[in-house]
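A short write-up of the structure that comes next.
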Protein chains: 2
Amino acid sequence: MDNVRVAIYGVGAIGTNIAKFILRKRGIEIVAAVDISPEKVGKDLGEILGLEEKLGVVVSSDASEVLFKSKPDVTLHATGSFLDKVYPQIVEIVEAGSNVISTCETLAYPYYRYPELSEKLDKLAKERGVTVLGSGVNPGFIYDTLVATLTGVCETVEKIRAVRSLDAAKRRYPFQKKIGLGLSPEEFKHKLDAGEITAHVGYAESIMLVAKALGWKIDKVEEIQEPVIAEKDLETQYFKVKPGEVAGVRGFGIGYMNRKEVIRVELVAAVGAEDYEEIIIEGNPNLHWRNSLGIPGDIATVAMIVNMIPRVLKAQPGLLTMIELPPPSAVLGDFRDLVKKDV
Amino acid sequence: MDNVRVAIYGVGAIGTNIAKFILRKRGIEIVAAVDISPEKVGKDLGEILGLEEKLGVVVSSDASEVLFKSKPDVTLHATGSFLDKVYPQIVEIVEAGSNVISTCETLAYPYYRYPELSEKLDKLAKERGVTVLGSGVNPGFIYDTLVATLTGVCETVEKIRAVRSLDAAKRRYPFQKKIGLGLSPEEFKHKLDAGEITAHVGYAESIMLVAKALGWKIDKVEEIQEPVIAEKDLETQYFKVKPGEVAGVRGFGIGYMNRKEVIRVELVAAVGAEDYEEIIIEGNPNLHWRNSLGIPGDIATVAMIVNMIPRVLKAQPGLLTMIELPPPSAVLGDFRDLVKKDV
């Protein structure tokens, strides 16, 4: 059996780490790379990854051409958070006959923000016989797939609360920037409203995914993000934060059913915050799960995108969500073993 | 759309609770009940459940006849732990054209202990166009499906340890009996060896399920169970335990790859033991998840068996395991909404 053939669409921070991770894996190879950045186009991917050897994969800005030529089994897409912006890119991939796994946060449950685009994309994917999945660590796992999975032992569920707290100082530059480190509270609010920073994207998508898994009909979703204000001088590898400036973000998504809060997902991403996740399910039985080590977001996103490859290659065509596929798990053996149709 | 039609095969402690749970759910109904006990055969299921009204479902000892007549979409099977013993029952269900979800522990990963029966059953299920699944809380979830799912965020995994600790005093009589409460340590050993008590069944099945999900090739599995000895007088609703007698069981399953321990699942089920689960994954990243409330086994088994119904009704035919289906989640709405083919 041939190696699983992968294209990388978006050779930024995440795409680069995805590529490096795949190079360490068995039964899988990179056959194409797409990016629009003039500094990257025309260069060998190995050079961009800082490797000593070339990989024989030249970064191209012409996705259609390179995908049609290289015939990847799956394209790992990591360029943006909002489906309306990246929709033409996803369509290019699907039109080329490749399955898609994307980090695009709003694609994790696209029917919430983009019902029409979702229907079009589902139809196109089915026509082309490929699967499209939005995944990642959050949305994609902590607030949704994992939460839904943990309720599997429950006869009843009244209310769900999922919390993710992380020390922003440990994250890479783009993350620290998108949560507004060092801004004044006014700048934070202005830039967030203007879309210049996003902080976390996907509270609503996670809520809707859980609700769909459980069969809950959500009648309203609220999303709120506020700055965490520094009380003393703080410093990360990239930012200096003075007292009164933004040290991070605190955000919520709340899902209501019959006007009652039933799902709450909470984020604290701030310099010096504790690293942990906590999932509290009120029902029969009550559950209180906590990961005391915290899940490092960048490693986890890369891992999840790549670990979902066998699931997507074996799935039926169409636009799917994480809860419709078998659960993710680390791929530690040869990818070809997990992709065989009879396994 | 019609209700989902369910048959209960085995109206014992678990089967009874499954039936009661289903009666509280929407879009699902019980159409048949099978048991061999002379005290139950011929009685209305409502009577056996202690309800005031009859359900119009008479318990039958002739599974073939009642299943052919009632045409259940799925039969929930809860009679025994070992596939060789219950195999003829599962075959009856499959021959009648019904999907099967069974609490049979060794069916959770039947290829380990019963490779030939597994192949026969898979072939038969495919011929009849039905899905067969072994599920439950453990094996089926805590030591396996959940563990595999938690590794989804990992790039590498070196070693896994899953611990379940529970206070046996809170469990029902058959559970307290099967872990040997009140026996002498010699009696415990004798009865365990003779199969008169089983304690926990399924350490190996859980290990093999996780290994299959991750693509690990396990070369040896060890299973060990030892009595926990009382140090003082203990008492449960059903047993009195004197110092020196058996107060519970401590068990392990260890999976080795290349002669190195890579998966360890541990159980402590003893009077007065703390209720919790803990899943520790050594890899990149390290994870340390803990449920500080503990999952009550009986509720959870019943919930899991019923919550898997929509997954099984939408699955391809054949003998499947939990890691090949979408993750479990509580079914809180109408079962019919989750069973529709296009959802």
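Hey, can you tell me all the residues within the range B:23-40 that are closer than 20 Å to residue B:86 by Cβ and touching a residue at least 24 places away in the same chain (Cβ under 8 Å)? Give the derivation first.
Of the range B:23-40, the ones closer than 20 Å to residue B:86 by Cβ are B:32-38, B:40.
Selection gives B:32, B:33, B:34, B:35, B:36, B:37, B:40.
Output the number of residues of the range A:208-228 satisfying the condition of being within 14 Å of another protein chain (Cβ to nearest Cβ) and surrounded by fewer than 22 Cβ atoms within 10 Å (Cβ to Cβ).
Here is the first cut: in the range A:208-228, the ones within 14 Å of another protein chain (Cβ to nearest Cβ) are A:208-219.
Subset that is surrounded by fewer than 22 Cβ atoms within 10 Å (Cβ to Cβ): A:215-219.
Counting residues in the range A:208-228 that are within 14 Å of another protein chain (Cβ to nearest Cβ) and surrounded by fewer than 22 Cβ atoms within 10 Å (Cβ to Cβ) gives 5.
Of the residues in the range B:8-22, how many are in a helix (DSSP H, G or I) and either touching a residue at least 40 places away in the same chain (Cβ under 8 Å) or within 12 Å of chain A (Cβ to nearest Cβ) (or both)? Quick ask: steps written out before the conclusion?
Of the residues in the range B:8-22, the ones in a helix (DSSP H, G or I) are B:13-22.
Cutting the leftovers down to either touching a residue at least 40 places away in the same chain (Cβ under 8 Å) or within 12 Å of chain A (Cβ to nearest Cβ) (or both) gives us B:13-15, B:17-18, B:20-22.
Selection size over the range B:8-22: 8.
If I ask for residues that are surrounded by 21 or more Cβ atoms within 10 Å (Cβ to Cβ) and farther than 19 Å from residue B:30 by Cα, which ones from the range B:81-98 would you list?
Across the range B:81-98, the qualifying residues are B:83, B:86.
Only one of (1) under 18 Å from the mean Cα position of the chain (by Cα); (2) in contact (Cβ under 8 Å) with a residue 60 or more places away in the chain; (3) more than 14 Å from chain A (Cβ to nearest Cβ); (4) farther than 29 Å from residue A:151 by Cβ fails for residue B:118. Which number is that?
Among (1) under 18 Å from the mean Cα position of the chain (by Cα); (2) in contact (Cβ under 8 Å) with a residue 60 or more places away in the chain; (3) more than 14 Å from chain A (Cβ to nearest Cβ); (4) farther than 29 Å from residue A:151 by Cβ, the lone unmet condition for residue B:118 is (3).
Looking at the range B:182-202, which of its residues are farther than 28 Å from residue B:289 by Cβ, within 21 Å of the chain's Cα centre (by Cα) and surrounded by 20 or more Cβ atoms within 10 Å (Cβ to Cβ)?
B:192, B:197
For the range A:7-31, enumerate the residues that are within 21 Å of residue A:94 (Cα to Cα) and either open to solvent by 50 Å² or more (accessible area, probe 1.4 Å) or in contact with a Phe, Trp or Tyr (Cβ under 8 Å, 6 or more places away or on another chain) (or both).
Listed by number, the residues that qualify are A:15, A:28, A:29.
Go through the range B:229-343 and tell me which helices (runs of 4 or more DSSP H), entirely inside it, have 2 or more residues that are within 14 Å of chain A (Cβ to nearest Cβ) and more than 20 Å from the chain's Cα centre (by Cα). Please lay out each step first, then the result.
On the way: elements: B:297-307, B:309-313, B:335-339.
Ranges flagged: B:335-339.
Hey, any hits in the range A:55-62 for a residue that's over 25 Å from residue A:171 (Cβ atoms) and among the polar types (S, T, N, Q)? Walk me through how you get there before you give the answer.
Going through the range A:55-62, the residues over 25 Å from residue A:171 (Cβ atoms) turn out to be A:55-62.
Next cut, among the polar types (S, T, N, Q) only: A:60-61.
The answer is yes, given that some residue of the range A:55-62 is over 25 Å from residue A:171 (Cβ atoms) and among the polar types (S, T, N, Q).
Which is away from chain A (no Cβ under 14 Å) and open to solvent by less than 20 Å² (accessible area, probe 1.4 Å), of B:142, B:160, B:179, B:101? Give the steps one after another, and end with the answer.
Values: B:142 fails: away from chain A (no Cβ under 14 Å); B:160 fails: away from chain A (no Cβ under 14 Å); B:101 fails: away from chain A (no Cβ under 14 Å).
On inspection, the qualifying residue turns out to be B:179.
Looking at (1) open to solvent by 10 Å² or more (accessible area, probe 1.4 Å); (2) in a helix (DSSP H, G or I); (3) of a type in the set (Asp, Glu), which is the only condition residue B:205 fails?
(1)
Residues of the range B:1-45 being small (Gly, Ala, Ser) and in contact with a strand residue (DSSP E or B) (Cβ under 9 Å, 6 or more places away or on another chain), which ones?
Restricting attention to the range B:1-45, the residues satisfying the condition of being small (Gly, Ala, Ser) are B:7, B:10, B:12-13, B:15, B:19, B:27, B:32-33, B:37, B:42.
The answer is B:7, B:10, B:15, B:19, B:27, B:32, B:33, B:37, B:42.
Could you list all residues from the range B:125-136 that are open to solvent by 10 Å² or more (accessible area, probe 1.4 Å) and in contact with a helix residue (DSSP H, G or I) (Cβ under 7 Å, 6 or more places away or on another chain)?
Initially, the range B:125-136 is screened for residues open to solvent by 10 Å² or more (accessible area, probe 1.4 Å), giving B:126-129.
The answer is B:128, and nothing else.
Residue under question is residue B:132, and the condition is that it be at pLDDT 95 or above, within 10 Å of chain A (Cβ to nearest Cβ) and closer than 30 Å to residue A:322 by Cα; does it hold?
Values: at pLDDT 95 or above: yes; within 10 Å of chain A (Cβ to nearest Cβ): no; closer than 30 Å to residue A:322 by Cα: yes.
Criteria not met by residue B:132.
I'd like the full set of residues that are touching a Phe, Trp or Tyr at 6+ places or on another chain (Cβ under 8 Å) and either surrounded by fewer than 20 Cβ atoms within 10 Å (Cβ to Cβ) or outside the structural domain of residue A:193 (by TED's automatic domain parsing) (or both), limited to the range A:238-250.
The answer is A:238, and nothing else.
Here are some conditions: (1) of a type outside the set (Asp, Glu); (2) under 17 Å from residue A:10 (Cβ atoms); (3) surrounded by 21 or more Cβ atoms within 10 Å (Cβ to Cβ). Residue A:121 meets all but one. Which one does it not meet?
Tallying (1) of a type outside the set (Asp, Glu); (2) under 17 Å from residue A:10 (Cβ atoms); (3) surrounded by 21 or more Cβ atoms within 10 Å (Cβ to Cβ), residue A:121 fails exactly one: (2).
The values are calculated or read from the model by the stated rules, or taken from the named source; none is laboratory data. Remember, it's a predicted structure, so these values are computed and weren't measured experimentally. For neighbour counting, all protein chains shown are included, and Cβ atoms are generated from backbone atoms with ideal geometry for every residue, glycine included. Calculation scope for accessible area: heavy atoms of the full protein, side chains included, ligands and nucleic acids excluded. Shrake-Rupley method; radii C 1.70, N 1.55, O 1.52, S 1.80 Å.
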